[in-house]
Amino acid sequence: MNHQNKKFVSLQEIKTKVKLTSEEEEFISRQNHDKLLQQKITRHYFSLIGHQADDPLRRQCLGRAEEALEKSYESRDPLCEADYSPCARLIHRYPERVLLLSTDDCFLYCRHCFRRCFSGGRRGWIQDSELQEICVYLEEHQNVREILISGGDPLTAGDKELSQLLEKIRACCDSLIIRLCSRAPVVMPSRITEELAELLANHKPLWLVTQFNHPRELAAENIQALERLAKQGISLLNQTVLLKAVNDNISVLKELFYRLAENQVKPYYLFQGDLASGTSHLRVNLERGIRLMEELRREMSPLCLPLYAIDLPGGGGKWIIDKRNIRVEGDYYAITLENGQRYFYPREDF
Ligand SMILES: *Cc1c(COP(=O)(O)O)cnc(C)c1O
Ligand code: SF4
């Protein structure tokens with residue numbers, strides 16, 4: 001058994017644990033032909049999924065035939081990130097923060113991934129020449145105060161590559177706030193070794209942003225990984241994606257947010273689903289999301305509650321959802337910003 005097989009489950013192993021539904025079977029037979037986001041699942045995450053077809057963890061990792069359906073309003077690049085990219089692998093949408101796409105590799109390809117036009121590709125880890133160009137850009141843009149290191153998942157790289165990246169960023173801007181975005185604490189907790197936690201702690205200011213979407217993802221090994229990070233004084237944030245039949249109910253969200261806070265993780269955002277191709281079966285109706293958040297807000301403290309936000313379609317950027325600025329217009333919600341700009345989001349599943 002090689003190293004890869006120890007970390008990831010094969011299709012054969014999947015089939016011995018769960019009886020694939022026809023939608024899941026169809027995905028597997030079409031994934032190469034239709035160029036769908038590949039299926040890759042860690043052994044750890046697979047150990048947490050249940051046998052039922054509608055298991056909330058299973059829905060996040062096993063592809064389904066619906067991913068081949070593309071709605072007219074969906075896109076492979078729903079946030080229009082390409083329009084905001086001054087150099088390869090860098091996105092500069094907000095004046096004082098940039099986002100770096102370190103790699104297109106992930107431990108597990110989330111079925112709701114909105115960056116599916118990049119993730120799961122063959123570019124791999126950022127090249128020296130690309131990083132050089134980004135450093136030049138940062139030196140020319142001294143107003144930038146934060147860098148998000150994302151992807152893909154930057155922790156798929158080894159400690160050596162990661163430390164070289166962090167060193168280079170620190171060498172060009174030594175007070176830049178680094179936000180490392182990784183789903184490793186959820187899907188590959190063993191990646192969070194004590195050495196890694198120490199390495200990250202040596203590059204503060206550094207915040208780790210992860211993505212727990214369901215309380216069952218906080219299993220013993222996951223909590224231990226969070227503890228290793230917290231022990232090094234690394235501040236932890238979580239961004240949850242609101243997902244249909246995964247976490248779109250009060251008790252699941254409440255339990256998730258409380259358990260995160262209990263484990264020193266601040267729930268930062270709850271994201272409304274982006275309009276990424278083939279993800280409509282995982283999106284929650286916007287008004288339903290608003291009602292869920294209103295109910296949670298009545299009961300929970302702002303410490304334990306994230307901001308409910310949406311990345312406005314067509315490159316409008318992040319917006320904290322405020323129902324006072326949303327109107328129904330036919331099959332769409334029309335969102336009007338303070339500056340008068342209007343954006344449209346579909347009224348799905350109403
Ligand atoms: C989300 C995002 C950020 C960070 O936004 P915050 O609201 O500060 O979390 C920065 N750049 C890009 C391109 C983003 O999509
Ligand atoms: S870890 Fe992030 S980039 Fe990778 S598949 Fe999941 S959502 Fe997409």
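The values are calculated or read from the model by the stated rules, or taken from the named source; none is laboratory data. These numbers come from a predicted model, not from an experiment. Cβ coordinates were reconstructed from backbone atoms using ideal geometry, including for glycine residues, and neighbour counts include every protein chain displayed.
Between Thr210, Thr240, the distinction of being crowded, with 21+ Cβ neighbours inside 10 Å, farther than 22 Å from Asp159 by Cβ and touching a strand residue (DSSP E or B) at 6+ places or on another chain (Cβ under 9 Å) belongs to Thr240 only. Listed by first and then second residue, the pairs linking a residue in segment 151-163 that is more than 23 Å from Cys110 (Cα to Cα) to a residue that is modelled with pLDDT of 95 or more and of a type in the set (Gly, Ala, Ser), with Cβ atoms under 6 Å apart and 6 or more places separating them unless they lie on different chains, form an empty list. Remark: pairs (first residue in segment 278-301, touching a residue at least 60 places away in the same chain (Cβ under 8 Å); second residue buried (at least 18 other Cβ atoms within 10 Å of the Cβ) and in a helix (DSSP H, G or I); Cβ separation under 9 Å; 6+ apart in sequence or on different chains) = Gly278/Glu67; Thr279/Glu67; His281/Arg59; His281/Glu67; Leu282/Arg59; Leu282/Gln60; Val284/Leu292. If you check Leu270, Leu282, Leu286, Leu275 for being in contact with a Gly (Cβ under 7 Å, 6 or more places away or on another chain), surrounded by 13 or more Cβ atoms within 10 Å (Cβ to Cβ) and at pLDDT 95 or above, only one passes: Leu282.
If you go through segment 41-87 and keep only what is closer than 28 Å to Gly314 by Cβ, part of a loop (DSSP other than H, G, I, E, B) and of a type outside the set (Asp, Glu), you end up with Gly63, Arg64, Leu69, Lys71, Ser72, Tyr73, Arg76, Pro78, Leu79, Cys80, Ser85, Pro86.
Looking only at segment 1-28, count every residue that is assigned to a helix (DSSP H, G or I), of a type outside the set (Val, Ile, Thr) and either in contact with a Pro (Cβ under 6 Å, 6 or more places away or on another chain) or modelled with pLDDT of 95 or more (or both) and tell me the total. Result for segment 1-28: 11.
Of all residues in segment 267-307, those satisfying the criterion of being basic (Lys, Arg) and farther than 22 Å from Gly317 by Cβ are Arg288, Arg291, Arg297, Arg298. The helices (runs of 4 or more DSSP H) located wholly in segment 122-192 that include 2 or more residues which are within 14 Å of ligand 2 (Cβ to nearest atom) occupy 184-187. Selection over segment 285-329 of residues that are away from ligand 1 (no atom under 16 Å from the Cβ) and either under 24 Å from Phe118 (Cβ atoms) or of a type in the set (Ser, Thr, Tyr) (or both) gives a count of 1.
Among the residues of segment 315-336, how many are surrounded by fewer than 14 Cβ atoms within 10 Å (Cβ to Cβ) and assigned to a loop (DSSP other than H, G, I, E, B)? Of the residues in segment 315-336, 3 are surrounded by fewer than 14 Cβ atoms within 10 Å (Cβ to Cβ) and assigned to a loop (DSSP other than H, G, I, E, B).
Against the list (1) more than 17 Å from the chain's Cα centre (by Cα); (2) in a strand (DSSP E or B), the condition Asp311 fails is (1).
The condition (being in contact with a strand residue (DSSP E or B) (Cβ under 8 Å, 6 or more places away or on another chain), touching a residue at least 24 places away in the same chain (Cβ under 8 Å) and more than 15 Å from ligand 1 (Cβ to nearest atom)) is satisfied by just one residue among His141, His112, His92: His112.
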